[in-house]
Amino acid sequence: MIESSSYPLGYTEDEARRLVEQAALIEDLTEDVLRRAGIEAGMHVLDLGCGVGDVSLLAARLVGAAGAVSGIDRSASSVEVARARAASLGVRNV
């Protein structure tokens with residue numbers, strides 16, 4: 001993965017925090033979109049451009065222990081944040 005300055009808001013801790021806060025504000029809407037897209041228990045989901053993992057974590061909850069979510073992002077630091085968040089929450093299927 002490459003870090004790129006092409007993302008206008010950057011990859012700082014403040015930006016990661018902003019993304020988490022933003023995701024919390026629209027979590028219900030995002031969950032509705034995922035459910036309407038057909039995400040359900042037992043599925044395997046790929047989250048392209050996963051950032052700090054908000055959608056990946058939500059999808060992991062929807063697919064349950066029988067499913068799995070893989071997240072990919074161009075920012076190694078964002079993926080590390082996502083991994084740490086999943087670990088701190090005890091989420092093992094993402």
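Looking for something over 15 Å from V94 (Cα atoms), modelled with pLDDT under 95 and surrounded by 11 or more Cβ atoms within 10 Å (Cβ to Cβ) - is there at least one such residue anywhere in segment 57-75? If you could, list the steps in order and put the result at the bottom.
Residues of segment 57-75 over 15 Å from V94 (Cα atoms): 74-75.
Then drop every residue that is not modelled with pLDDT under 95, which leaves 74-75.
Those still in the list that are surrounded by 11 or more Cβ atoms within 10 Å (Cβ to Cβ) too: 74-75.
Looking through segment 57-75, at least one residue is over 15 Å from V94 (Cα atoms), modelled with pLDDT under 95 and surrounded by 11 or more Cβ atoms within 10 Å (Cβ to Cβ).
If G38 satisfies all but one of (1) at positive phi; (2) at pLDDT below 95, what's the number of the condition it fails?
In the conditions (1) at positive phi; (2) at pLDDT below 95, G38 misses (2) alone.
Restricting the search to segment 81-94, which residues are closer than 20 Å to G49 by Cβ and part of a helix (DSSP H, G or I)?
V81, A82, R83, A84, R85, A86
Being touching a helix residue (DSSP H, G or I) at 6+ places or on another chain (Cβ under 7 Å), part of a loop (DSSP other than H, G, I, E, B) and not acidic (D, E), is that true of even one residue in segment 66-80?
No: zero hits.
May I ask you to list pairs of residues, at least six apart or on different chains, whose Cβ atoms are under 9 Å apart, with the first in segment 4-19 being surrounded by 12 or more Cβ atoms within 10 Å (Cβ to Cβ) and the second being among the aliphatic types (A, V, I, L, M) and at pLDDT below 70?
E15/L9; R18/L9; L19/L9
Does segment 38-52 hold any residues that are of a type in the set (A, V, I, L, M) and not in a strand (DSSP E or B), and which are they?
Hits for segment 38-52 are I39, A41, M43, V52.
Looking at segment 67-94, which of its residues are within 15 Å of L46 (Cα to Cα), touching a Gly at 6+ places or on another chain (Cβ under 8 Å) and among the small types (G, A, S)?
G67, G71, A82
The values are calculated or read from the model by the stated rules, or taken from the named source; none is laboratory data. This structure is a prediction, so every number in the text was calculated from the model and none was measured. We place every Cβ from the backbone using ideal geometry, glycine too, and count neighbours over all the protein chains shown.
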